[in-house]
Structure formats: C-alpha cells, structure tokens
Amino acid sequence: MRLLSIAMLVAICCQLFSQTYEDEFKTRANLIIRYTAEIYPRGNNGDCPSGCKGDLSDFGKYNYPKILAAYTYYSADDSTQAQKMKARLDVYATKPSFHFNNLALPRLLHTFPNAPGVKENQVEFIKRVFERTDSYNAWTTEGTENHVNMSRLPGYLFAQFALENYPDSFPLAQQRLNEMKEWIEYYSKRAFETGTGEWNSTTYGAYNILPWINIYDFAQDDTVKSMARAILDYYACELAVHYSQALTGGPDMRGNQNTQSFKGICSLPGMAMVWQQPFCHQHQQHRQW
C-alpha cells in the first residue's frame, strides 16, 4: 500500500511537470513566432526584401520561416499579410528547388494548403522538386549533413504529397517515396551507430533537426514516423549534453562563439532554448526585442 501511494505521488508529480513544461514550451515558441512574424529578418522586412525576386538561393532560409510565422501568428485570413506572403510564394513557384527552400515548404503544404500563395502554386512547387536532377535534387543530393537532411527528408514528404494529391501528374512519386523510406531507415540506424557530423554546429545543427520534425509531424507511414521520433530523441540527448542555458558546453564547429550564440544569431542555441530552457521566466528582459 505504501509503495502504491509513492507510485501515485510520483505519477501526479510527473503529470504536473509535463503540464508545466508544455505551457512554458508554448510560451517560448509563441515568442519566437511573434518575433519572426513581426520583425525577422531585422532590416530585411519589407514587401520585397533582398532576395524576394529569387536572386538569392539561400533566401529560402529567411523567406519560408517568415511566411510560416506570418500565417501562424496573423492567420492566413489576414488580407494584408496574405498579400505580402503570396507575393513571396509566387516568386518561388518559378524557381528551382533548393535545400533551404525545401525545408519549410512541406510544412506550408500540409499546414496551410489553402493559404494564399500555397493553394495556387501547389503543383508548381512539386514540379520544381521533381524536375531537378542535378546534385541539388531531393532524392540523392549530396553535400554537408544539413544539405542532405534538408533535401532528402522533404523529398519524402513531397513524394507523399504528390502521390496523395496529384498521382497522375507525378508517376515517379511512389518510387521516390519508397527510396526515401529506405534512406530514412538507413540514416536513423547509422546515427545511433556512429553519431552525427554537425552535432556541435550552432549554425547548422537546427537545420538537421527541423526536417526530422516535419517527418514526424506529417509522415503517414507509422514506421517512418517512429524512425523520426527515434532520431529526434537522439538529437534531444545531444542538445541536453552539449547545451546549458542556451550556451554551448564545449567547442563549436561551423558556428559562432557563445556570446554571439546567446544573442540569438545562431540557430541551434535558439532551438535549445525553446526545447529545454525555462527562458521566459528567468530572462524577462529578453522579451523586449
């Protein structure tokens, strides 16, 4: 009876902790969503900022997070924001796919399929992906670890979306879906056997994690979803070991010094803050950006 009482007490405490963590996580996440929708990128927030015409291939790094945040924070029904975001999406519907552009597009397609700029361009977005056959394609792309993750994992979701919505227009969708499932299984095993290459990169670490979050959220295959969850658990352990209070606990590869990371210049410390740190209660002054 005493053991049962202790077990019940532990269970209640865990449940309370879980609820508190979830609430605090949402607070931290909403803070970043609001910042991205209203301000980000700093000094590059006009109707047609640098790269909006597609002249910068890396601009997808800034463009799609802005669109996602705007449609989340203001909603896709906000006519003023919708007009601005549609203008950005219309540009990228005409441009070749690229890993930074591929990263957030699956989340837009699955979360806001009827939003202005998304609904009208669905086929064109998918077409840009399937027609690319060089080293930047979404199926066999090579490069640094984040390039591969930002291309092949979206490739799985693009194939899934095409197969579900436009099977006649993209006859290779099923083949690509099968190929990427095999690669996801290979990668998810190898990560646990050998580790990841950019685990301590404050700049690029988050770009390895984000595509796996998309796979976990939107993959319809339960096996693929479970593999994504395993990888995300692995990344969570890496972050817990390497970061404390959003600061790195060791050397940084392909990133910036701690003082720069803490200011939010790099991606991975920001993700570590949202994922793990009770940031909003301890550092109220950082709400005033």
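FYI, it's all coordinate maths here, none of it is from the lab. Keep in mind that this is a model prediction, so the values were computed, not measured. Note: ideal-geometry Cβ built from the backbone for every residue, glycine included; neighbour counts use all protein chains shown.
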> If the chain between T94 and Q174 were fully stretched, how many nm would it gain, using 0.36 nm times the residue separation less the Cα-Cα distance?
Replying inline: 26.4 nm
>> Report the gain in length on full extension from Q83 to S135: 0.36 nm times residue separation, minus Cα-Cα distance, nm rounded to one decimal.
In response: 15.4 nm
> If you stretched the chain out fully between D58 and K189, how much longer would it get, using 0.36 nm times the residue separation minus the C-alpha to C-alpha distance?
Replying inline: 44.2 nm
> What does the charge dipole of segment 85-213 about its Cα centre add up to, to the nearest 20 debye, if the Cβ of each Lys and Arg holds +1 and the Cβ of each Asp and Glu holds -1?
Replying inline: 300
>> Which of F130, F125 has the fewest other C-beta atoms within 10 Å, and how do the rest follow up to the most?
In response: F130, F125
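Neighbour counts of other C-beta atoms within 10 Å: give me I215, I209, I39 arranged from fewest to most.
Sorted ascending by nearby Cβ count, the order is I39, I209, I215.
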>> Around G117, under 9 Å between beta carbons, what's the net of Lys plus Arg minus Asp minus Glu among the other residues?
In response: +1
>> I need the phi-derived Karplus couplings for segment 203-216: 6.51 cos²θ - 1.76 cosθ + 1.60, θ = phi - 60°, integer Hz, Gly and Pro marked x.
In response: 7, 10, x, 5, 6, 7, 7, 4, x, 6, 5, 4, 4, 4
> Pairs K119/K225; K26/K225; K189/K225; K61/K95; K84/K119: which exceed 18 Å Cα-Cα?
Replying inline: K119/K225; K26/K225
